[in-house]
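Encoded as structure tokens, the structure appears first; notes follow it.
The values are calculated or read from the model by the stated rules, or taken from the named source; none is laboratory data. Small disclaimer: the values here were computed from a predicted structure and weren't measured. Because the Cβ atoms are built from the backbone with ideal geometry, glycine has one as well, and the counts that use them run over all protein chains shown. Quick note on the areas: whole protein, heavy atoms, side chains included, nothing else; ligands and nucleic acids left out. Shrake-Rupley method; radii C 1.70, N 1.55, O 1.52, S 1.80 Å.
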Amino acid sequence: MDEFGRLIEKEVPRLRRYAHALVSDPERADDLVQDCLERAWRKSHLWVRRTNLRGWLMTILHNLHANASRRYSAGPAMVPLDDSQYAGATAPAQADRLQLGALRDAVQRLPLEQQQVLLLVGMEQMRYAEAAELLQIPVGTVMSRLFRARERLRVLMSEATQPTLRRVK
Amino acid sequence: MTAKASRPSEEMLHAYVDGLLGGQEQGVVERFLAENPSEAIRIEAYRRQNAAFRVLADAVDSRPFAMPEFQARRQWLPRALRAAAVVALVLLGVGGGWWLRGLEYTERVGWSDLAEQAAVAHQTYVPEVLHPVEVSGDQEKHLVTWLSKRLGNPVRAPSLRALGYDLVGGRLLPSSSGPAAQFMYQNARMNRITLYVLSSESGREETAFRFVRNGPVGVFYWISDTLDYALAGELERERLLEVATAIYKQLHNL
């Protein structure tokens, strides 16, 4: 594996978290990462050194998913998915599982720029300034995207879980 | 109702969600949320989003992942040989540049056939916007296999990434001595250079670098045992020599 291979290998954990936030079936989420890595590898001549590799890979992954989301989705979007397939992890409680499903559905409906900020801050626990540097945008832009993303996610998720809650009542 | 002045900024509320606030500011936000249930629900939803992302992240991290096998296409030499090559280069370097004799170039007024054809091909295809190449660089393996077959000798597209040039792709060309190949490279400033490759006529042993210039296009060319090469570019001679040297070293496993 050459230098480029080593560089992208370092980004794999982050790409996987991103993919698993978009795709509910863990196998297919990892397929998406594999496809992303392969495409990045084939297109490596298009990656200009010094530019942001992480952002570039995230964009490839987002585009692959957006263009072929049917390939990576296990079935109809609203089918509750089994997160117990994650080996080694504590199986999330039923409520968490529902929430994870709703979360993924909602994340997919956000524009790429909002997804990126949301996942960098919410999932990678990156500080706003770090995310700004990584995405090469001002901190103010990170914040405004983050605020919009969270609010949109909240609305989408409450829409998704409301009927269930009503039934529980 | 709380006075408007005591309302924390949206930035502060999100910083609270992300656990970025100091004790005093956190107290301000917590008091505000205690007095504003609808805001408390909204902020709690944001905190749950973060919590859900973290559950997901932990689950993903604990799941094994198989890295895909990438073809090490820029690796020309087996590991041991490469180490030997480095040692050889160092020794040669110590030898006062003796090795560079093989890379000497002379300036010529006239055009050799090779250089002329390379320059013509360069000027024909470099300005092309839509179809600069027949096979693009992302199909490098296919490109190289195809051109090798047509030229009857194994050709390679050297990697010039270290010099800032990416492979755009290549094409097959007619020449006065059979099929020729052209590889095109481009840097971030969209400056293009081309490497023209031709099967050698047997019995030639000339290996020195030679340089010719016609207007803006400079060409370095040299001859190996199986293939002839000509590098064309609208660059200063020194810069073009640097690229030609890098190609020479790669193609001859130096």
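By a 1.4 Å probe calculation restricted to protein chains, residue B:226 has an accessible surface near 60 Å², given to the nearest 10.
If you take the accessible area of A alone plus B alone and subtract the pair, what total do you get in square angstrom, rounded to 100, with a 1.4 Å probe? Walk me through the numbers before you get to the answer.
Details: alone 10390 and 15540 Å², together 21680 Å².
The summed interface area works out to 4300 Å².
Legend: calculated FRET efficiency, residue A:148 to residue B:129, from the Cβ-Cβ distance at R0 = 35 Å, rounded to 0.05, equals 0.40. Placing R0 at 56 angstrom, the Cβ-Cβ distance between residue B:238 and residue B:47 gives a FRET efficiency of 0.40 after rounding to 0.05. Contact residues in the stretch A:107-131 by the 20 Å² criterion (accessible area, 1.4 Å probe, full protein complex versus chain alone): A:122, A:123, A:125, A:127, A:128.
How high is the FRET efficiency between residue A:6 and residue A:42 when r is their beta carbon distance and R₀ equals 25 Å, given to the nearest 0.05? That gives a FRET efficiency of 0.90.
Ordering B:222, B:146 by accessible area with a probe of 1.4 Å, largest first, what comes out?
Output order, biggest surface exposure first: B:146, B:222.
For B:47, B:31, B:63, the ranking by accessible surface with the largest value first comes to B:31, B:47, B:63, using a 1.4 Å probe. Around residue B:175, with a cut-off of 13 angstrom between Cβ atoms, what is the net charge of the other residues, counting Lys and Arg +1 and Asp and Glu -1? After counting each charged neighbour, the total is -2. Counting heavy atoms of the protein chains alone, residue B:53 has an accessible area of about 0 Å² for a 1.4 Å probe.
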